[in-house]
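Colleague: My questions all concern the structure below.
The values are calculated or read from the model by the stated rules, or taken from the named source; none is laboratory data. Because the structure is predicted, anything quoted here is derived from the model rather than measured. In this analysis, Cβ positions are derived from the backbone assuming ideal geometry, glycine residues included, and neighbour counts consider all displayed protein chains.
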Amino acid sequence: MSGDIVYGLSEETGGTRLLYGAMKVTVGGTLKLAFRPWVEGLEHVPAEGPAILASNHLSFSDSFFLPAVLDRKVTFIAKAEYFTTPGVKGRMTAAFFKGAGQLPVDRSGARGAGEAAVRSGIEVLRRGELFGIYPEGTRSPDGRLYRGKPGGLARVALATGAPVLPVAMIDTEKIQPPGKVVPKLMRPGIRIGRPLDFSRYQGMEHDRFVLRAVTDEVMYEIMRLSGQEYVDIYATAAKRRLADAAKADKQAQADKQAQAEKQARAEKRAPGTGA
């Protein structure tokens, strides 16, 4: 854990609670009114006590649609840069994320966000609250479900004994695809599955095979709820492949253009062409 800093892990202040309440009414109310998200499985969310909401991740808006339909506060983690950017825009962004119940996590240090996320999740659950986490670790690049990372979700679940509720966000990626500024008005869906109990693995949070088994079980339930195609690689690896392919395609287009220009210059200089 050396070098990792987690902010905001102390008891909530009254101001934070008021800010979250205000965001719940304004942003949450607006989302519900404008997009009318449908929800299944709300009865699986406990009325009180700790629980982990483990969701697929299709869109930036996932962290806002899910809290909007819940009566209880749910806390996600967000990169610290959202809270530390200077200037008026930076302060507004920080206020927005704080109001939405996001915890800033500094990703510096030897093990980065993994250890910070674990400590954040444990602290939230020890306060008897709901903790939201995306096992894939990043948004899906193509709408498919990718392999879950075992370091965060499983360790938090086994360290706290909190039940894990699999969550499927549906069609949120269609509302505002990458590059689109104006969101499309359509109804996203949210399915919340029955709580999963991993008490049989209690005290085994440092066994990598157990962590893998817990994560895979959760991902299977998310796949079943979402109907997504499952890809047995990490989403970060898929994004790298897509980026490399796009870079290679761009280079190929540049090479083709350069070759065409070279050919045109050669033809212009050739005898008999009138040059």
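Colleague: Just give me the residues in region 32-62 being buried (at least 18 other Cβ atoms within 10 Å of the Cβ) and in a loop (DSSP other than H, G, I, E, B), in sequence order.
Modeller: In the first step, residues of region 32-62 are kept if they are buried (at least 18 other Cβ atoms within 10 Å of the Cβ); the result is 35, 37, 45, 50-59, 61-62.
Scanning region 32-62 gives Pro37, Val45, Pro50, Asn56, His57, Leu58, Ser59, Ser61.
Colleague: Hey, could you check region 133-188 for residues that are assigned to a helix (DSSP H, G or I) and free of Cβ contacts under 8 Å to residues at least 60 places away in the same chain and say which is surrounded by the fewest Cβ atoms within 10 Å (Cβ to Cβ)?
Modeller: Lys174
Colleague: Determine if region 135-153 includes at least one residue that is within 15 Å of the chain's Cα centre (by Cα), at positive phi and not hydroxyl-bearing (Ser, Thr, Tyr).
Modeller: Yes - at least one qualifying residue is present in region 135-153.
Colleague: Suppose the filter is on the phi > 0 side of the Ramachandran plot, at pLDDT 95 or above and of a type in the set (D, E, K, R); does Asp216 pass it?
Modeller: Values: on the phi > 0 side of the Ramachandran plot: no; at pLDDT 95 or above: yes; of a type in the set (D, E, K, R): yes.
Taking the combined requirement at face value, the residue does not satisfy it.
Colleague: Now a separate question. Do you know which residues across region 206-255 are in a loop (DSSP other than H, G, I, E, B) and either within 21 Å of Asp142 (Cβ to Cβ) or charged (D, E, K, R) (or both)? Please lay out each step first, then the result.
Modeller: Restricting attention to region 206-255, the residues satisfying the condition of being in a loop (DSSP other than H, G, I, E, B) are 206-207, 227-229, 232-234.
Passing the criteria: Asp207, Gly227, Gln228, Glu229, Asp232, Ile233, Tyr234.
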